[in-house]
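Take a look at the structure set out below.
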Amino acid sequence: MPVALCPADIVESLSVPCGYQVDACVYGPCAVNATCIPTTSGHYTCLCPPGSTGNHCQYTDICPLSCLYGGTCTWTSSGARCSCPAGSTGPRCETDIDECASLPCVNGGTCYQSGRTVEGFQPGYLCVCPASYRGVDCELGVCDSSPCGLGGLCLPDDDEDRGYSCQCLAGFEGPLCGNDLRRCASSPCHGNATCINSTSNDDYSCLCSPGFTGQWAGLVSTQGLNYLKLGGD
């Protein structure tokens, strides 16, 4: 029986010698991510993705771009490009992004964008706020937390180191209106003693005149000047 000598792309059949054409791409001759395209002659062509080369796309092509300031050359479907770190942009990452262009600082804050170092452009910005404002963008007023106690009115004041001053109600004093002068208003001390408001609690002290002693300085004493702090009862 004669033997059929088939071309390389033809498979011999028992019933039809040399009757089947082989799809050359069936066996995956191209490298990963490459596209195999069969040809009419029974051969194939490998269509390489960006970054690969060779008949079978088996070689990695060197990315041709020299990216600046920490940028990385990468292959995309449209070719090589620089992938820039935060803070920079441009074809080669050569341009600093101006984060202050959008005017992020409010309430009179001054915006300063981060500068460039040997490693590249530093992302971000800094808001320098007036004394009466706080927050990343100077969005918080110093009086928002109601720092003045006992009904005191908080007034923004850039001349104060803390950025505000407290206008106290009648009978109160102190930087935060925490000193209640009303504790001595009823003249609880006797014998011409001097009443002293406590700045740390709701108590008061009687500074006794010479010859008096006791909780309210109402007792005659021979011990001279006495200074007693009340404990309540």
Quiz item: Based on what the data block shows, is GLY163 crowded, with 17+ Cβ neighbours inside 10 Å, in contact with a Ser or Thr (Cβ under 6 Å, 6 or more places away or on another chain) and over 30 Å from ASN33 (Cα atoms)?
Solution: yes
Quiz prompt | Cβ-Cβ under 8 Å pairs, at least 6 apart or on other chains, the range 75-87 side at pLDDT 90 or above and among the hydroxyl-bearing types (Ser, Thr, Tyr), far side assigned to a loop (DSSP other than H, G, I, E, B) and buried (at least 18 other Cβ atoms within 10 Å of the Cβ) | solution = SER83/CYS67; SER83/GLY71
Practice problem: Can you work out which of the residues in the range 199-221 that are assigned to a strand (DSSP E or B) and of a type in the set (Val, Ile, Thr) is modelled with the highest pLDDT? | Solution: THR213
Quiz item: Can you find a residue in the range 176-192 that is modelled with pLDDT under 90 and either in a strand (DSSP E or B) or under 30 Å from ASP96 (Cβ atoms) (or both)?
Solution: yes
Exercise. Return a yes/no flag: does the range 52-72 have any residue that is among the aliphatic types (A, V, I, L, M) and under 18 Å from the mean Cα position of the chain (by Cα).
Key: no
Exercise. Kindly check whether there is at least one residue in the range 16-32 that is within 30 Å of GLY124 (Cβ to Cβ), modelled with pLDDT of 90 or more and assigned to a loop (DSSP other than H, G, I, E, B).
Key: no
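Residue by residue, here is whether (1) among the aromatic types (Phe, Trp, Tyr); (2) modelled with pLDDT under 85; (3) touching a His at 6+ places or on another chain (Cβ under 9 Å); (4) surrounded by fewer than 12 Cβ atoms within 10 Å (Cβ to Cβ) holds:
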| site | (1), (2), (3), (4) |
| --- | --- |
| LEU155 | no, no, no, no |
| ASN197 | no, yes, no, no |
| GLN223 | no, yes, no, yes |
| LEU228 | no, yes, no, no |
| GLY231 | no, yes, no, yes |
Practice problem: Out of the residues in the range 36-47 that are touching an Asp or Glu at 6+ places or on another chain (Cβ under 8 Å) and assigned to a loop (DSSP other than H, G, I, E, B), state the one that is farthest from VAL26 (Cα to Cα). | Solution: SER41
Practice problem: Select the strands (runs of 3 or more DSSP E) contained entirely in the range 63-154, then report the ones holding at least 2 residues which are among the polar types (S, T, N, Q). | Solution: 72-76, 110-113
Quiz item: Of the residues that sit in the range 51-62 and are assigned to a loop (DSSP other than H, G, I, E, B) and crowded, with 17+ Cβ neighbours inside 10 Å, which one is modelled with the highest pLDDT?
Solution: CYS57
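The values are calculated or read from the model by the stated rules, or taken from the named source; none is laboratory data. What you are looking at is a predicted structure, and each value in this text was computed from that prediction instead of being measured. Every residue, glycine as well, gets a Cβ built from its backbone with ideal geometry; the counts of neighbours run over all protein chains shown.
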